[in-house]
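The values are calculated or read from the model by the stated rules, or taken from the named source; none is laboratory data. Given the structure is predicted, the values throughout are model-derived calculations rather than measurements. Here Cβ is always computed from backbone atoms with ideal geometry, including for glycine, and neighbour counts include all displayed protein chains. Calculation scope for accessible area: heavy atoms of the full protein, side chains included, ligands and nucleic acids excluded. Shrake-Rupley method; radii C 1.70, N 1.55, O 1.52, S 1.80 Å.
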Amino acid sequence: ALGELAGFLTGWMYWYFWTIVVALEAVAGANLIAYWFPDSTPWLCTLILTIIFTLINLLSVRSWGESEFWFASIKVVTIIVLLILGGAYILGFWPSGGGFANLTAHGGFAPNGITPILAGAVAATAFYFGAELVTVAAAESAEPARAVARAAQSVISRVLFFYVGSIFVVVCIVPWNDADKMTQPYVSVFTQLGLPAAANVMNVVILTALLSALNSGVFGSSRILMALARRGDAPAFLAHVNSRGVPVAAILGSSAFAYVAVVMSYLSPDKVFAFLVSSYGTVAVFVYLLIALSQLVLRRRLERESPERLQFRMWAFPWLTWVAIVGMLSILTAMAFIVEQRVPLLFGVVSLLMFLLAYWLRKKISSR
């Protein structure tokens, strides 16, 4: 849609994001395991987790989907319980509960203005990055067009219901300015409800969420690496798949970078790993921005040249796409003015420049 350079940048930035997620979630998962086993060796736990999910992805797409199903089920059941019990508490059907006072108490709604909201939007962009992965997986199904459409619609409704709904319950029950309680908001909700063992239960749920992200990271990074190879933007051998449709070389190649990032998290946590973690969220915004811009071009091209191929039409086109583009540009602009977000923005730009340099080198080598 936007040319060879945009395709190269989007693919490699997407791959970069997911490989960092693999390392980040493996390290975080090891730290959570240490909650129950304080004598465990963190780097060994991190290595074991990374190897396990590399092997799961090497088996088949089905094995990835099955593991994701069970991880997601644990999260969904927990959030449903939180929504039901939290809703009962808010509506006054729970002892000592009731009301929406916390939405306007403690200084009123948005007492510190728009800046903290924008700062939160920056973080949320990286957290929600990956919702598109369900369409990547659906493309490998028996009926891709139908599966992608159904998957995209379900993701939107589930994000609104489960994530926005659970956040609404949290801010109704837990005061937003209680820093201690807000470090573990879901645990704080269950504790407020007087439920025992809340911390242990939520640690299990959080661990499954981390492992789900790790699993998705291996899947997403390998598929985009395979696509890059098919376009000639990565070594050709990475495009090969085995008899089960698994891109073994792409999975191992992506995992290798993730292993290096994991090693850096212990050898150079304040420099190399800090750079990787600080840059990946900004890179995610760059990728989504390019996706939105390409959708504008491709939608109009398909409507003009082959409308029968448009089996899934985004509604409110092109206005909703422009709203998304303006929103992402607003986030990038806000990062320049928010002190704690300037370093992530700078590192993200540096990463972009590194990929531009890689593209220039690729063109120079191929022209010989």
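General remarks:
- For segment 143-275, the Rg and Dmax computed from alpha carbons only, in angstrom: 20.5, 58
- Placing a label point 7 Å from the Cα of GLU143 along the Cα-to-Cβ line, the residues of segment 297-315 whose backbone N sits under 15 Å from it are 311-312.
- Accessible surface computed residue by residue for the chain, with neighbouring protein chains in place and a 1.4 Å probe, gives 52 Å² per residue.
- Added length on full extension, which subtracts the Cα-Cα distance from 0.36 nm per residue, LEU361 to ASP180: 60.2 nm
- Dipole axis of the chain (+1 Lys, Arg; -1 Asp, Glu on Cβ), positive-most option in THR19, LEU118, THR104: THR19
- For segment 185-295, the relative contact order works out to 14 percent when only alpha carbon pairs closer than 8 Å and six or more residues apart are counted.
- Taking Cα atoms only, the orientation of helix 61-90 departs from the longest principal axis of the chain by about 30 degrees.
- Dimensions in Å of segment 3-147 - Rg and Dmax from alpha carbons: 20.8, 61
- Comparing mean-square fluctuations of SER60, SER306, SER255 from a GNM of the chain with C-alpha springs under 10 Å, the top value falls on SER306.
- Most mobile listed residue (GLU308, GLU143, GLU66) in the chain, GNM with C-alpha springs under 10 Å: GLU308
- By the Kirkwood approach, averaging reciprocal distances over each pair of separate Cα atoms, segment 133-190 gets a hydrodynamic radius of 13.5 Å.
- When you restrict to C-alpha pairs under 8 Å that are six or more residues apart and normalise by the size of the chain, the relative contact order lands at 30 percent.
- Segment 229-240 - phi-based ³J(HN,Hα) in whole Hz, Karplus 6.51/-1.76/1.60, Gly and Pro as x: 5, 5, 8, x, 9, 8, x, 4, 5, 6, 8, 6
- Under a Gaussian network description of the chain, with springs only between Cα atoms under 10 Å, the residue in MET354, MET335, MET13 that fluctuates furthest is MET354.
- Under the convention that each Lys and Arg Cβ holds +1 and each Asp and Glu Cβ holds -1, the size of the dipole of the chain around its Cα centre is about 1120 debye.
- Efficiency of FRET between TRP70 and ALA124 - r from beta-carbon atoms, R0 30 angstrom, step 0.05: 0.70
- For segment 240-337, the Cβ-based charge dipole about the Cα centre amounts to some 260 debye (Lys, Arg positive; Asp, Glu negative; other atoms uncharged).
- Taken along the Cα-to-beta-carbon direction at a fixed 7 Å, the label points for LEU252 and LEU160 span 4.6 nm.
- For segment 263-276, the Karplus equation 6.51 cos²θ - 1.76 cosθ + 1.60, evaluated at θ = phi - 60°, returns couplings of 4, 5, 5, 9, 7, 9, x, 8, 10, 4, 5, 4, 5, 4 Hz by residue, with Gly and Pro reported as x.
- Between THR104 and LEU353, the modelled label-to-label distance comes to 5.0 nm, taking each label 7 Å out from Cα in the direction of the beta carbon.
- The packing ranking of peptides 311-319, 94-102, 40-48, highest mean first, is 40-48, 94-102, 311-319, where packing means the average number of other beta carbon atoms within 10 angstrom of each residue.
- Cα gyration tensor category, rounded, prolate or oblate, for segment 85-138 with a/c compared to 1.5: oblate
- Cα long-axis angle, helix 342-366 against the chain (0 to 90 degrees, to the nearest 10): 20
- Calculated Kirkwood radius over Cα pairs in Å (choose from [x] 23.4; [y] 21.7; [z] 22.5), label: [z]
- The calculated FRET efficiency for the pair ALA336 and TYR266, based on their C-beta separation and a Förster distance of 35 Å, comes to about 0.65.
- Taking each DSSP H run with n ≥ 4 as -39500 (n - 2.57) and averaging over every residue of the chain yields -25000 deg cm²/dmol at 222 nm.
- Sequentially through segment 18-34, phi angles give Karplus couplings (6.51, -1.76, 1.60; θ = phi - 60°) of 5, 5, 5, 4, 4, 5, 4, 6, 5, 5, 5, x, 5, 5, 5, 4, 5 Hz, Gly and Pro residues having no value and appearing as x.
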